[in-house]
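Enquirer: Take a look at this one; I'll ask things after.
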Amino acid sequence: MRKMLVTDYEKCTGCRLCELVCSVKHEGVSNPARSRINVTKWETKGIMVPMVCSQCEDAPCMAVCPTNARIRESELGTVTVNYDRCIGCKTCVVACPFGAINFDPIDHKVISCDLCEGDPQCARFCETGAIRYAEASDANKMRQREAAEKLYESLQKLDGAGVS
Amino acid sequence: MVWRRGRLILSEESRQETTSERTARGRTHGAFRCLNCFERIVPPEKAESYKCPKCGFEWRVSWPSPTIPRIRGPVWETNRRLTDEIMAKEKGQGK
Amino acid sequence: MALNRKIAYIDLSSGKVETKPISMEMRKKYLGGRGLDAYLLYNNTKAGVDPLGPDNVCLVSAGILVGTLASATARTHIAGKSPLTGYFGSTNMGGFFAPEMRWAGFDHLVIRGKAEKPVYLWIHNGEIEIRDAKDIWGKGVRDTQSIIREEMGDREIKVMTIGIAGENLVRYANVMTEIKNSGGRTGMGALLGSKNLKAIAVRGTLDIKIEHPVEALEYNKQIISQITSAKVSQEQGRLGTLFIWGATNSQGLVRTRNFQLNQMEDSDGIEPETFEDSAFGMTGCFGCQVHCRAKYIIPDGDYKGTYDEGPEYTSIGAFAAEPGCTDLTTILTGNHLVNDYGMDTLEIGSMIAWAMELYEKGILTDKDTDGLDLSFGNEKAVIEMIHRIAHREGLGDILAEGPLRAAEKIGKDSIRYQVHVKGMSNLHSDERPTPALALGIATASRGSDHLRSRPAIDLYHLPEAVLRQIYSQPVAYEGPLTSDYTDYEGKSWQVFWQEMCYMAVDCLGICKYHTIFLGPNFPNFEEWSKLLYYNTGLELTPLEIWTIAERTNDLERMFNLREGLARSDDWLVDAYFDEPTKLGIPLIRDRVIDRDKFKQMIDEFYAFHGWDEQGKLKPETLKRLGLDKEPSHLL
């Protein structure tokens, strides 16, 4: 059983409340530069995509870390940083294929999502459902259902038009 | 409500309901007020139009969410006719 | 902490930049945002200053809670003496600019002088630089932002900019940020344009410390639930502010054909629900869960395929109801054009509809319009006039001057067809059946305005007991209150209360949709007291916040009085009193405002403020609010 943050760019309104609550929860400050989650935007096209660590099973950040500072916390399955070992080389920042590992400009340390010890604030505050905290094996179910509904509707239309 | 400095978080006062929390308890879902007579009316689920049982004005309905009906617009003919009748009557009474 | 943000004085003539801290004393007197802006404007200008001259100041600010956990803390406030009205100029916009400015270390900018050539400001983590704007001058709103982002190599830069209309000193030009967030009223875009200041770009990564983060998070969650669970938020989250137009048109409370009628019967094709089919999702401002902006792509016409956001209540008013158009494409295209040119939708819609009525009455002819058929309902003419006004071509050059100056230029009785207060056009709603709303626009500090004191919930027919709960805190009120929106009784108190409420929310930097504007049980003074404490550590009681709002409102009044405002300016055009409404439900049909009762309302309104019969502050009011030494030059 492993839960994950499921993001849905179609539902994201780009308000960046997730960034705000993340930085307040972790650092006690409002500062998106120190948030573990970021909303990437194409303003002139109206596209907003929340980007956050996926806690990869075969995590590139763990593989590239020269001091084995990227470690997996067994209970939640999160990939976190052991700051005693971390030398701040930022190799993981570059290696992450999602760009989901940030470098904190104030504390000069590597930061990434720790799922708030099982109660991720971004998902808790996101009322549109663009960020959900769900069982990884069920993560696709909502999308699947929505797609199935569309498929069903179009099939019905075909029937109605007498094409079948 | 009494507000005292320095104790806002822990004080009893801060845990008391605020005015807006109190008035929020009166919210109703599933209903809207008739825009003519202000009677609170409950249209049947998914209704596309609904006639106010009190005044007879008829409204086209849309559903922003399954529990929230909203008046989309008037049924123009009905409401225009009713208004004309009411206005003519008022005029007749010299109002 | 959130209170260590600075104020920057920028002199564009000399290029000098000076930064200062904001003292706790000033914070406790004015909070920030619109509050401190009122103070700065009163202290940094002299009576009679030329609005478009170098001695006028342009103030840009963030409210005291901007960027913190208080739900939708996104608002930027821009102030100066208005090029449109000559009185207090003030406008407020959402988006992401104000929070970014705070992360960059600043709460207030005071911009003076005039740059020799076009420039823009670059503000980054406590530093301010004046940069050459040759690459962006002449560009539209969205191109300007893209070019700056590309030039600086940072996609996260937030830009506040003027469009071509602002460069051309259209007197109701906007300041804009992102795609559609507009500071629309009172012509602040022309003010920036007059200073040769094209844009302000900000990027910040400095902390805003939250004083009590655990409580702030939990309380914010509670406030958000309170707001989003309301019916009105959910309607707004799907249909945007269009839903207000739909609801008010159903009764007959909108304005059509330049105030000739009060309901649009052939409007099914432009109803909010019809538009919803063209939209693909919603977007919102910083930290807001109401998300009232629709994302759409123009489906047809010359701008087919273009992305934009909105449209709003005013877009329907400006590009459909007022000019008598019924095509959705006109609304969507018009909305896009004003967003990119940077113009106030409300003002331009009113000006075009006014010109159309003049054309109908024969006051304007084909010769004046260069052959353009300005008949009501001509969709193409509306779009064409937007271009002409932005570029100041032909008749557009006259209309770009705003209601009073344009009427003076055209002459011939044309002023009779203007619907304005203090030289600013009224919202495209009809207030003749609703005295409370009429009082609001007549007395608003920035000229005709619906966002300064409008008790919009008056239209909900709320039970008197509920009204009593809302309107008798934090200051006791025992006078009359009535559910009937056509009544005059007790309405002046409601308007006064709302004026304080909106002022406070503007000082805090929170959106009005998160207080008692559309939702009767939304956060207000009591909640703000807690939010202020959790986020900034500042301890103010609800009553103290109210007093700050009073002080600031009165300072705005003092600015207006210094510029020559008189009681006669707090008044409506004659049509409100003489021409009854023709359409709508029985409650609304055949209504006018009663002159005597309206006069009495204004008397009451002045009395609540502690003003004399002429609308001037009484000496004891000045003393009570600590305004007797203004201008005090403490900042």
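The values are calculated or read from the model by the stated rules, or taken from the named source; none is laboratory data. Since we're looking at a predicted model, the values are computed, not measured. Because the Cβ atoms are built from the backbone with ideal geometry, glycine has one as well, and the counts that use them run over all protein chains shown.
Enquirer: Within region C:539-546, identify whether any single residue is in contact (Cβ under 8 Å) with a residue 60 or more places away in the chain, surrounded by 21 or more Cβ atoms within 10 Å (Cβ to Cβ), farther than 30 Å from B:THR83 by Cα and more than 14 Å from chain B (Cβ to nearest Cβ), and answer yes or no.
Expert: No, region C:539-546 has no match at all.
Enquirer: Here's another thing I want to ask about it. Please determine whether any residue of region B:19-37 is polar (S, T, N, Q) and in contact (Cβ under 8 Å) with a residue 24 or more places away in the chain. Step through it out loud before you land on a result.
Expert: We begin by selecting, within region B:19-37, every residue polar (S, T, N, Q); these are B:19-20, B:23, B:28, B:36.
Now narrow it down to the ones that are in contact (Cβ under 8 Å) with a residue 24 or more places away in the chain: B:36.
Within region B:19-37 (the criterion being polar (S, T, N, Q) and in contact (Cβ under 8 Å) with a residue 24 or more places away in the chain), the answer is yes, since at least one residue qualifies.
Enquirer: Please work out if C:THR329 is surrounded by fewer than 23 Cβ atoms within 10 Å (Cβ to Cβ) and in a helix (DSSP H, G or I).
Expert: Details: surrounded by fewer than 23 Cβ atoms within 10 Å (Cβ to Cβ): yes; in a helix (DSSP H, G or I): yes.
Considered against the rule, which asks whether it is surrounded by fewer than 23 Cβ atoms within 10 Å (Cβ to Cβ) and in a helix (DSSP H, G or I), C:THR329 comes out as yes.
Enquirer: Does region A:102-119 contain at least one residue that is farther than 29 Å from C:CYS285 by Cβ and within 13 Å of chain C (Cβ to nearest Cβ)?
Expert: If we filter region A:102-119 for residues that are farther than 29 Å from C:CYS285 by Cβ, which is where we start, we get A:108-110, A:117-118.
Restricting the remaining residues to those that are within 13 Å of chain C (Cβ to nearest Cβ) gives A:108.
Within region A:102-119, one or more residues are farther than 29 Å from C:CYS285 by Cβ and within 13 Å of chain C (Cβ to nearest Cβ).
Enquirer: Give the residue that is surrounded by the most Cβ atoms within 10 Å (Cβ to Cβ), with candidates limited to residues of region C:514-537 that are more than 7 Å from every other protein chain (Cβ to nearest Cβ) and closer than 20 Å to C:HIS291 by Cα.
Expert: To start, the set of residues in region C:514-537 that are more than 7 Å from every other protein chain (Cβ to nearest Cβ) comprises C:514-519, C:525, C:528, C:531-532, C:534-537.
Of the ones still in play, those that are also closer than 20 Å to C:HIS291 by Cα are C:514-519.
Numbers: C:HIS514: 28, C:THR515: 25, C:ILE516: 25, C:PHE517: 21, C:LEU518: 22, C:GLY519: 26.
So, considering only residues that are more than 7 Å from every other protein chain (Cβ to nearest Cβ) and closer than 20 Å to C:HIS291 by Cα, the one surrounded by the most Cβ atoms within 10 Å (Cβ to Cβ) is C:HIS514.
Enquirer: Name the single residue, out of those in region C:210-263 being of a type in the set (Val, Ile, Thr) and assigned to a loop (DSSP other than H, G, I, E, B), that is surrounded by the fewest Cβ atoms within 10 Å (Cβ to Cβ).
Expert: We begin by selecting, within region C:210-263, every residue of a type in the set (Val, Ile, Thr); these are C:210, C:214, C:223-224, C:227-228, C:232, C:241, C:244, C:248, C:254, C:256.
Okay, now just the ones that are also assigned to a loop (DSSP other than H, G, I, E, B), so C:210, C:241.
Details: C:ILE210: 28, C:THR241: 20.
Ranking the qualifying residues of region C:210-263, first place goes to C:THR241.
Enquirer: Still on this model: Quick one: which strands (runs of 3 or more DSSP E) sit completely within region C:276-318 and have at least 3 residues that are out of contact with any helix residue (DSSP H, G or I) (no Cβ under 8 Å at 6 or more places or on another chain)? Can you show your working first?
Expert: Details: elements: C:279-283, C:293-297, C:307-310.
Those strands (runs of 3 or more DSSP E) span C:279-283, C:293-297.
Enquirer: Filter region A:25-47 down to the residues that are in contact with a strand residue (DSSP E or B) (Cβ under 6 Å, 6 or more places away or on another chain) and within 7 Å of chain C (Cβ to nearest Cβ), then identify the one that is surrounded by the most Cβ atoms within 10 Å (Cβ to Cβ).
Expert: Looking at the filtered set, the residue picked out is A:SER30.
Enquirer: Here's another thing I want to ask about it. Kindly indicate the residue of region A:99-146 that is among the β-branched types (Val, Ile, Thr) and part of a loop (DSSP other than H, G, I, E, B) and also nearest to A:LEU76 (Cα to Cα) among those meeting that condition. Even if it seems obvious, please write down each step before you answer.
Expert: Here is the first cut: in region A:99-146, the residues among the β-branched types (Val, Ile, Thr) are A:101, A:106, A:110-111, A:128, A:131.
Then keep just the ones that are part of a loop (DSSP other than H, G, I, E, B); that gives A:101, A:106, A:128.
Numbers: A:ILE101: 18, A:ILE106: 28, A:THR128: 25 Å.
Only one residue tops the list, namely A:ILE101.
Enquirer: Residues of region C:598-635 being farther than 19 Å from C:ALA549 by Cα, within 27 Å of the chain's Cα centre (by Cα) and not in a loop (DSSP other than H, G, I, E, B), which ones?
Expert: Matches in region C:598-635: C:PHE598, C:LYS599, C:MET601, C:ILE602, C:ASP603.
Enquirer: Give me the pairs, please: first residue somewhere in region C:14-25 and without any contact (Cβ under 8 Å) to a residue 12 or more places away in the chain, second residue anywhere and hydroxyl-bearing (Ser, Thr, Tyr), beta-carbon distance under 6 Å, and either six or more positions apart or on two chains.
Expert: Partner pairs satisfying both residue conditions: C:GLU18/C:TYR9.
Enquirer: Please pick out the residue among A:ASP138, A:ASP159, A:ASP107, A:ASP114 that is among the acidic types (Asp, Glu) and within 14 Å of the chain's Cα centre (by Cα).
Expert: Working: A:ASP138 fails: within 14 Å of the chain's Cα centre (by Cα); A:ASP159 fails: within 14 Å of the chain's Cα centre (by Cα); A:ASP107 fails: within 14 Å of the chain's Cα centre (by Cα).
Being among the acidic types (Asp, Glu) and within 14 Å of the chain's Cα centre (by Cα) holds for just one of A:ASP138, A:ASP159, A:ASP107, A:ASP114, which is A:ASP114.
Enquirer: Restricting to region C:196-219, give me the number of residues that are more than 8 Å from every other protein chain (Cβ to nearest Cβ) and polar (S, T, N, Q).
Expert: 1
Enquirer: Let me confirm something: among C:PHE559, C:PHE598, which residue is under 22 Å from C:LEU41 (Cβ atoms) and either touching a residue at least 60 places away in the same chain (Cβ under 8 Å) or of a type in the set (Ser, Thr, Tyr) (or both)? Reasoning before the result, please.
Expert: Numbers: C:PHE598 fails: under 22 Å from C:LEU41 (Cβ atoms).
Answer to the check: C:PHE559.
Enquirer: Related question: Return yes or no: is C:ARG388 of a type in the set (Lys, Arg) and without any contact (Cβ under 8 Å) to a residue 24 or more places away in the chain? Step through it out loud before you land on a result.
Expert: On the way: of a type in the set (Lys, Arg): yes; without any contact (Cβ under 8 Å) to a residue 24 or more places away in the chain: yes.
So C:ARG388 fits the description; yes.
Enquirer: Exactly one condition in (1) within 12 Å of C:ARG5 (Cα to Cα); (2) of a type outside the set (A, V, I, L, M, F, W, C); (3) surrounded by fewer than 21 Cβ atoms within 10 Å (Cβ to Cβ) is false for C:ASP107; which is it?
Expert: (3)
Enquirer: For region C:560-589, which positions are of a type in the set (S, T, N, Q) and away from chain B (no Cβ under 14 Å)? Give the derivation first.
Expert: Kept after step one, since they are of a type in the set (S, T, N, Q), are these residues of region C:560-589: C:560, C:568, C:581.
Correct list: C:ASN560, C:SER568.
Enquirer: In region C:442-481, which residue that is in a helix (DSSP H, G or I), of a type outside the set (A, V, I, L, M) and in contact (Cβ under 8 Å) with a residue 40 or more places away in the chain is nearest to the other protein chains (Cβ to nearest Cβ)? Can you show your working first?
Expert: First, the residues of region C:442-481 that are in a helix (DSSP H, G or I): C:442-443, C:456-460, C:464-471.
From the residues that got through so far, the ones that are of a type outside the set (A, V, I, L, M) too are C:443, C:458, C:460, C:464, C:468-469, C:471.
Subsequent filtering for residues that are in contact (Cβ under 8 Å) with a residue 40 or more places away in the chain retains C:443, C:460.
On the way: C:THR443: 25, C:TYR460: 7 Å.
Within region C:442-481, the match that is nearest to the other protein chains (Cβ to nearest Cβ) is C:TYR460.
Enquirer: Which numbered condition in (1) more than 8 Å from chain A (Cβ to nearest Cβ); (2) over 30 Å from C:GLY126 (Cα atoms) is the only one that C:THR228 fails?
Expert: It is condition (1) that C:THR228 fails.
Enquirer: Just one of the numbered conditions (1) in a helix (DSSP H, G or I); (2) crowded, with 22+ Cβ neighbours inside 10 Å; (3) within 13 Å of another protein chain (Cβ to nearest Cβ) is not true of A:CYS61; which one?
Expert: Exception for A:CYS61: condition (3).
Enquirer: I would also like to ask the following. Report, by residue number, each residue of region C:140-173 that is buried (at least 20 other Cβ atoms within 10 Å of the Cβ), assigned to a helix (DSSP H, G or I) and small (Gly, Ala, Ser).
Expert: Of everything in region C:140-173, those that are buried (at least 20 other Cβ atoms within 10 Å of the Cβ), assigned to a helix (DSSP H, G or I) and small (Gly, Ala, Ser) turn out to be C:ALA165, C:GLY166.
Enquirer: Residue by residue through region C:264-290, note down the ones that are under 17 Å from B:PRO64 (Cα atoms), touching a residue at least 40 places away in the same chain (Cβ under 8 Å) and within 14 Å of chain A (Cβ to nearest Cβ).
Expert: C:SER278, C:MET282, C:GLN289, C:VAL290
Enquirer: Sticking with this one: Checking the condition at pLDDT 95 or above and small (Gly, Ala, Ser), which residue from A:ALA123, A:ALA136 passes? I'd like the intermediate steps shown before the answer.
Expert: Details: A:ALA136 fails: at pLDDT 95 or above.
On inspection, the qualifying residue turns out to be A:ALA123.
Enquirer: Another question about this same structure. Of the residues C:ALA353, C:ALA407, which single one is surrounded by fewer than 24 Cβ atoms within 10 Å (Cβ to Cβ), at pLDDT 95 or above, in a helix (DSSP H, G or I) and under 24 Å from the mean Cα position of the chain (by Cα)? Reasoning before the result, please.
Expert: Numbers: C:ALA353 fails: surrounded by fewer than 24 Cβ atoms within 10 Å (Cβ to Cβ).
Being surrounded by fewer than 24 Cβ atoms within 10 Å (Cβ to Cβ), at pLDDT 95 or above, in a helix (DSSP H, G or I) and under 24 Å from the mean Cα position of the chain (by Cα) holds for just one of C:ALA353, C:ALA407, which is C:ALA407.
Enquirer: Now for a different question. Looking for whichever is away from every other protein chain (no Cβ under 11 Å) and surrounded by 14 or more Cβ atoms within 10 Å (Cβ to Cβ) here; the options are A:CYS18, A:CYS12, A:CYS96. Which one fits? Even if it seems obvious, please write down each step before you answer.
Expert: On the way: A:CYS18 fails: away from every other protein chain (no Cβ under 11 Å); A:CYS12 fails: away from every other protein chain (no Cβ under 11 Å).
Of the residues listed, the single one that is away from every other protein chain (no Cβ under 11 Å) and surrounded by 14 or more Cβ atoms within 10 Å (Cβ to Cβ) is A:CYS96.
Enquirer: Just to be sure I understand the filter: pairs with C-beta atoms under 8 Å, separated by 6 or more residues or on different chains, first member in region B:72-93 and among the hydroxyl-bearing types (Ser, Thr, Tyr), second member surrounded by 12 or more Cβ atoms within 10 Å (Cβ to Cβ). Which pairs pass?
Expert: Pairs found: B:THR78/B:LYS51; B:THR78/B:GLY56; B:THR78/B:PHE57; B:THR78/B:GLU58; B:THR83/C:GLY584; B:THR83/C:ILE585; B:THR83/C:PRO586; B:THR83/C:ARG589.
Enquirer: Out of everything in region C:291-306 that is surrounded by 19 or more Cβ atoms within 10 Å (Cβ to Cβ) and within 11 Å of chain A (Cβ to nearest Cβ), what residue ends up being nearest to A:ALA130 (Cα to Cα)?
Expert: Per the stated criteria, the residue is C:HIS291.
Enquirer: Inspect region C:187-195 for any residue being touching a helix residue (DSSP H, G or I) at 6+ places or on another chain (Cβ under 6 Å), within 11 Å of chain A (Cβ to nearest Cβ) and either in contact (Cβ under 8 Å) with a residue 24 or more places away in the chain or part of a loop (DSSP other than H, G, I, E, B) (or both) and give the result as yes or no.
Expert: no
Enquirer: For region B:20-95, which fully contained strands (runs of 3 or more DSSP E) count at least 3 residues that are at the interface with chain C (Cβ under 9 Å from one of its Cβ atoms) and modelled with pLDDT under 95?
Expert: Working: elements: B:49-51, B:58-65, B:68-74.
Passing ranges, in order: B:58-65, B:68-74.
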